[in-house]
Each structure stands twice: as C-alpha cells, then as structure tokens.
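Student: Here it is: the structure, laid out below.
Read the figures in this text as sums done on the coordinates, not as results from a lab. Everything numeric here is computed off the predicted structure, so don't read it as measured data. Glycine gets a Cβ as well: all are built from the backbone with ideal geometry, and neighbour counts include every protein chain shown.
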Amino acid sequence: MSKAILYDSTMCIGCRACEQSCALRWNLPWNETIGAEERLSAHKLTTITTHDGRYSRRLCMHCADPTCVSVCPVGALQKTALGPVVYDANKCMGCRYCMTACPFQVPVYEWSNRAPRVRKCDMCRDRQAAGKPTACAEACPTGATACGDRDALIAEAKRRMAASPNDYYPQIYGLREVGGTSVLMLSAVPFEQLGLRTDLPSQPLPGLTWAALSHVPDVVSVGGVLLGGIWWITHRREDVARAEGGGKEHQS
Amino acid sequence: MSESVLVLPKTADLFKSHTLGWYVWRGIFAVLMLAGAYATYVRFTAGLGGVTNLSDRFPWGIWVGFDVFCGVGLAAGGFTLVAAVHIFNIERYRPIVRPAVLTAFLGYILVVVALLYDLGRPWNIWHPLVMWNPRSVMFEVAWCVTLYSTVLALEFVPAVLERLQWKRTLAWLRVVSIPLVIVGVLLSTLHQSSLGSLFLIVPRKLYPLWYSPMLPVMFFISAVCAGLAMTIFESWHSSRAFGRQLEMPLLNGMARLMAVLMAVYLTIRFLDLLHRDALRLLLENRTETWLFGLECALMVIPTVLLFSRRVRENPTALYFMALLVLFGFIANRLNVSITGMEAGSGVHYIPRWTEVAITLAICALGFAVFRWAVLNLPVFEQKE
C-alpha cells in the first residue's frame, strides 16, 4: 500500500511546526527569518505559504509517475514502492534537468556548495519504512498534515468534504494532477488562489518525452539501412563507370 | 602569461610584420583568457552560485543555452558534409569536408568543456555510461555526445596520421570509414533532435510560441541549416585569413540547399503554430512576441534573399546571409532554453559577467585551436 500525505489548508493555523520538525530531521537551521522566507530552498525543504490569510504548504508532491525520475539520466531519483521519491547524491552528476522538468518546481540546489546536491523532501522514507508518520505529520498540532495510506487518505478527504461541503472547494489537489501524486491537498478556495498550479494535465508528463524517445530504435534501424543503401547506390554507379571505362581501355 | 603558449611559433611566421590588428586580436585573446581563468577559479572554489545568476527556479543559463545548444548545432556542418560526400557521393564537396569535421570535433570538445563547468558534479560526467535510464532524454544526449565525439575524432584522425605518415593505421581507418560515417550521421541526427526533445517535458513552462511536440524535428532541420551556414561562414573567414581562393560554386550549392531547408523549416514552424492555435499569441504585446519576431526575421530574410542568384554569387552577400541564418539559429536556441522559459518559471534571468567570461573564453579557445590546426595539419589541402 503506498503512503501519502494529506494537507488540509482549512485546518492549518500557519504555526510552521511542520517546517521546524522538517529542518530538525534534515539537520537544517530554522528560525523566524527562515520561517518568513516562504519558498523552498536548499535549507528549507517544506514551507508554509500565506495567501490573503489562508495557508498552503509546499513540499515534494511525490508523483505516482514522477517527471524527475523519468528525466534523470543516471537514475539518481527513484520512486520507491512505499511512495516516497528519493534522491541519491552519489549518482547525481548535477545536470539539473530534474529542476527544469519538475512541474511543481520542487527540487532545489546547493548553489554555493562545491559538491552540490539536489535537495527535496523524501517523505521521511526511513520513518515511513519503520512504520512511523512523517516528521511534519507528527509535529502538526491540528491534524492539518496527516500521513497514511493513500487510499485511506483519499477516503478521509472525501469524508471531510461530504461532512461540511460549505467549507471545502470540491476537489482534491493531487488526485489527478500529472497522473496523481502522493501528496494530497484540500482547500476552501480554488487551488490557484493558494498558489498551486491548476493548468497541469492529468496524464503523467514522462509520456511526452517517451513519445520521441521511443522512436530512437526506428531512426537508428531505418536510418542505418537507408544511409547504407544510398551509399551502395551512389558508389555502385562509380563502380559501373569504372568497369566500363576499364573495359574500353582493354578493348583498345 | 602562459596564454601566449597557445599561439604556436608557426602562426607568427604567417605575419611578416606585426600589424596593429595582430596586436589588437592578441590583446583581446589575452584579456578573454585572463577573465576566463579568474571565472574558472571562482567557479571551482565557490561553486555555481559564485559565478552564475542561476537559481532554483531557473537552473539552466547560457552555459546550457548557448555553449551546449548552439555549440552542438553549429557543429552540424560536420555530419551534413560527411553525408554529402561519403554517402551521397557528391565528390565536389570533398575539399571542405575536413574543415567541417574539424569544426564539429572542436565544437563537441568545447561543449564537453562547457559541461564540465555547468554540471554541478562534473567528476560524475561518466555516470550515464554505466548508470542507465533509457526513459531520460538527457541519457540519450549524454550517449550521443560521447559516441559522436569519438566518431568525429576518428573522422578527423586521418589528417593527423597523414602528417605523421602512419600509413598502416590510415589504411585500417579507411576500411571502417563507411560504417563509421553512417553511425556518425545517425548519432548526430539523434543528438540534434534530442536537444529539442529535452523540452518536451515542460509543456506548461516553455512559452507556447516555442513549445511544440515537433521540437525534435525542428531542432534537427534547423541544425542542418546552421551547419551549412557555419561551413559558409568559416570558408569565407579561412579564405581571408589564409589567402585561399573561395570555392564559390560549392558555397553557392550549399546556399541553395540551405535556402530550401530553411523554407521547409519555416513552413513547418508556421503550420505548427497554426495547428496548435498559437498564432493569436503574436497579437500580444509581450517580450516573447518581439523576440519571436526577431528570431523569425533573422531566418526569413536570408531564406528569401538566398533564392536570388545575385545574392548567392556575391561572396560578401552570401557571407552575410550565412551570418543571419547563424544569428537566427542562436536566437532560436536561446529563446527555447532561456527567454521562453522565463515567464513559466516566474523569474527573469540575466547572465552574470563571469558566465559570459567563461563562454567567451571557451569560444576564443575554439578559434585558436581551429587556427592552429589549419596551419599545422593537412586540413584544407587534402590528398586522396
């Protein structure tokens, strides 16, 4: 069963306990100044964002078919069976294609490090593997961030929306976006008002590049035969001309 | 400074008297090398953040957009001419195959040098060769760069071997030359188009005037055009620098091919905009519209003019047409990789001077090595 995080914006009080516990887990600094930054960076792998008195959260969405995993040339990013999308700095060569490609603009970089790493939330894979909730879910005082099986969380989200339909915008963010994500979000207002992208297709993005990549063997085989054939034809003429020329010389 | 080592003694013999121009060019070269050396030092001590204006929201700058994208494209003259002569057997182009292959080879080496600057962990540059992810376009790009650089090296090696008089190795290379040429043409076809495929994954980030499912095809055709333009460009410069006769009938023929391919390219782009319902975007007063207009003007003007015999047969006019095509090509690659990505990323990117310094130093190095090779290896006077 794949794990997921459910963030309910209507229950969030913006206390940033999730940020602090996340920083603690990654051994990163946290103070009021960093709290006010409100954007992901190498020292801040999750953040609360404020939108006209409403709160939202940013963290890696842990897509079901992640764009970053598909674009990484060396397989430094992997989707684990449990749900988290994880990164291996030892494989990474630092091309930053994952950063360019991520539809949620999540992966961030250690720009001032001589051996820079891509940084992003890994959904506390070690804690998940041990059956514990993510650090952010454990720290959340209101239950706005919850952690559990994805199907159970979807059911819970639907239950909340059905119980108080006036409090919720009737959609779950992450249910269908780019083929579904392991982070789900609920809101009182349309998601774009929380700074979330609502123009994403419901198909996973890796299909777009695969449409081109899948033709590579065709180009190689047809192209190889074609070029070889053209070479044979164009040089055959030469052989014929030479043979005829040679024949004439022989006759004379 | 050690920079002067690059210009070998033989070069100096060419200039009997050191004119003002000689000192100016050498001075510019030294300044570029010094600036590049400083930027290199900062790059490898303070990290990418110390020399670039790249950010989490804008992770690719001119080292990718110009050095890699334009560098690879401008090297396309190599495979175009190799295919014309060795596969299509158009013998008359043989004299300019070698300079074109040399340009391509140097282009690829410089692309790899640029990558060593741009990659965050350049010591892992070989990882794609052993850690496979065939779903990644970047994986394909990495393999194409590696294999095609090798092929180009093997295609250029005869020039070195002739100089060294290694006849047996030469004979052996001739045996494998045709398969090598075919592999080379295939690899560069894949590589040129895969640079376009890289952007297929950013449908909502790249501005719709440039994002298209046809990007791989467009990148390929425009690269062939740029390769031809680059060959005309460097034939013109070589003829001036080395006092050689310009092969006008050859260049005229290439210009015709270039004009036709450009016309095909522009038609595909127009139809693509039409089918994607993106033409209406041209009515919006945005930076993207104007830059798209500039790019198109740079491509349309030479395409139209090149159909005139008078333009093609006038060396200066032909040179400027090739230059326009090259600028149009560069504008396109920069628009796709930088300008077109700005709005979707929500940031404005202007390269820092150190980014420009490294790019210029790499280009200057390329020119210097090309010059050295032309003067010291049988590049232009090819014996068969």
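Student: Run the dipole for chain B about the Cα centre, Lys and Arg Cβ at +1, Asp and Glu Cβ at -1, nothing else charged, and hand back the magnitude in debye, nearest 20.
Tutor: 520
Student: Just for segment A:3-205, what percent of DSSP beta bridges are antiparallel, to the closest 5? Please list the in-between numbers first.
Tutor: Numbers: 18 of 22 bridges.
Among the beta bridges of segment A:3-205, antiparallel pairing accounts for roughly 80 percent.
Student: Run the dipole for segment A:55-171 about the Cα centre, Lys and Arg Cβ at +1, Asp and Glu Cβ at -1, nothing else charged, and hand back the magnitude in debye, nearest 20.
Tutor: With only Lys, Arg, Asp and Glu charged at Cβ, the dipole is about 260 debye.
Student: What share of the DSSP beta bridges in the protein assembly as shown is antiparallel, in percent to the nearest 5? Each step should come with its number before you reach the end.
Tutor: Details: 19 of 23 bridges.
Given both bridge residues lie in the protein assembly as shown, the antiparallel proportion sits at roughly 85 percent.
Student: Here's a follow-up. Quick one: helix A:150-163 against the long Cα principal axis of chain A, what's the angle to the nearest 10°, folded into 0 to 90?
Tutor: Here the helix axis deviates by roughly 50 degrees.
Student: For segment B:276-351, run through the trypsin sites (Lys or Arg not before Pro) and keep only the ones in DSSP coil with at most 14 other Cβ atoms within 10 Å of their Cβ.
Tutor: Working: sites: B:Arg276, B:Arg280, B:Arg286, B:Arg309, B:Arg310, B:Arg312, B:Arg333; in loops: B:Arg276, B:Arg286.
For trypsin sites (Lys or Arg not before Pro) across segment B:276-351 that sit outside H, G, I, E and B with at most 14 neighbouring Cβ atoms in 10 Å, the list reads B:Arg286.
Student: Moving to a separate point now. Normalized C-alpha radius of gyration of chain B, against 2.2 N^0.38 Å?
Tutor: Here the Cα radius of gyration is 0.99 times the empirical estimate.
Student: Report, by chain and number, residues whose modeled amide H sits under 5 Å from the one on A:Val189, excluding near sequence neighbours (fewer than 5 apart, same chain).
Tutor: A:Tyr169
Student: Another one. Can you pull out the chymotrypsin sites (Phe, Trp or Tyr not before Pro) in segment B:93-177 that DSSP calls coil and that have at most 16 other Cβ atoms within 10 Å?
Tutor: The qualifying sites are B:Trp126, B:Trp132, B:Trp166.
Student: Another question, if that's okay. Where Rh is the Kirkwood radius over the Cα pairs of segment B:201-301, the temperature 25 °C and the viscosity 0.890 mPa s, what D in µm²/s does Stokes-Einstein return?
Tutor: Once the numbers are plugged in, D ends up at 158 µm²/s.
Student: Based on the alpha-carbon set only, what is the convex hull volume of segment A:3-205 divided per residue, in Å³? Before the final figure, lay out each step's value.
Tutor: On the way: hull volume 23.8 nm³, N = 203.
Dividing the Cα hull volume of segment A:3-205 by its residues yields 117 Å³.
Student: Could you go through segment A:228-242 in sequence order and give the Karplus-derived ³J(HN,Hα) for each residue, using 6.51 cos²θ - 1.76 cosθ + 1.60 with θ = phi - 60°, rounded to whole Hz, and x for Gly and Pro?
Tutor: Listing the rounded values in order: x, x, 4, 4, 4, 5, 5, 8, 5, 3, 4, 4, 4, 4, 5 Hz.
Student: Give me, ordered by chain and number, the residues 5 or more places off A:Cys147 or on other chains with an amide H under 5 Å from its own placed amide H.
Tutor: It is A:Leu6, by chain and number.
Student: Something else now. Let a ≥ b ≥ c be the square roots of the eigenvalues of the Cα gyration tensor of segment B:227-384; is it rounded (a/c under 1.5), or, if not, prolate (a/b larger than b/c) or oblate?
Tutor: Verdict is oblate for segment B:227-384.
Student: Cut-off is 10 Å between beta-carbons; in what order do B:Val24, A:Val183 appear when sorted fewest neighbours first?
Tutor: Taking fewest neighbouring Cβ atoms as first place, the list is B:Val24, A:Val183.
Student: Angle, helix A:17-26 long axis vs. longest principal axis of chain A, Cα atoms, 0 to 90°, nearest 10?
Tutor: The answer is roughly 50 degrees.
Student: Here is a follow-up. Within a 10 angstrom radius of the beta carbon, how do B:Ile109, B:Ile87 rank from fewest other beta carbons to most?
Tutor: Listing B:Ile109, B:Ile87 from fewest to most nearby Cβ atoms yields B:Ile109, B:Ile87.
Student: Right, here's the next one. In Å, what Rg and Dmax follow from the Cα atoms of the protein assembly as shown?
Tutor: Values for the protein assembly as shown (Cα only, Rg and Dmax): 28.1, 105 Å.
Student: Could you give the dipole magnitude of the protein assembly as shown about its Cα centre, charging the beta-carbon of Lys and Arg +1 and that of Asp and Glu -1, in debye to the nearest 20?
Tutor: Roughly 700 debye for the protein assembly as shown.
Student: Count the lysine pairs in segment A:3-205 whose Cα atoms lie under 18 Å apart, taking only pairs 8 or more positions apart in sequence or on different chains.
Tutor: Here the count comes out as 8.
Student: So, one more: Over the C-alpha atoms of segment B:97-217, what are the Rg and the largest Cα-to-Cα span, Dmax, in Å?
Tutor: Every Cα atom of segment B:97-217 included, Rg and Dmax give 17.1, 57 Å.
Student: So, counting K/R as plus one and D/E as minus one, what does the shell of residues with Cβ under 15 Å around B:Ala317 add up to?
Tutor: Summing Lys and Arg as +1 and Asp and Glu as -1 gives +3.
Student: In addition: Please compute the net charge surrounding B:Ala263, taking Lys and Arg as +1 and Asp and Glu as -1 over other residues with Cβ under 14 Å from its Cβ.
Tutor: Summing Lys and Arg as +1 and Asp and Glu as -1 gives +2.
Student: So which helices of chain B fit the span-like rule, where a helix is a whole DSSP H run, its Cα atoms reach 30 Å or more along the axis, and its mean Kyte-Doolittle is at least -0.5?
Tutor: B:20-46, B:97-118, B:137-164, B:167-197, B:215-241, B:248-275, B:353-376
Student: Something else: Can you put A:Lys120, A:Lys91 in order of Cβ neighbours within 10 angstrom, beginning with the fewest?
Tutor: Lowest to highest Cβ neighbour count: A:Lys91, A:Lys120.
Student: Mind ordering A:40-48, A:215-223 by average Cβ neighbours within 10 Å, highest first?
Tutor: Details: A:40-48: 20.8, A:215-223: 13.4.
By packing density, highest mean first, the sequence is A:40-48, A:215-223.
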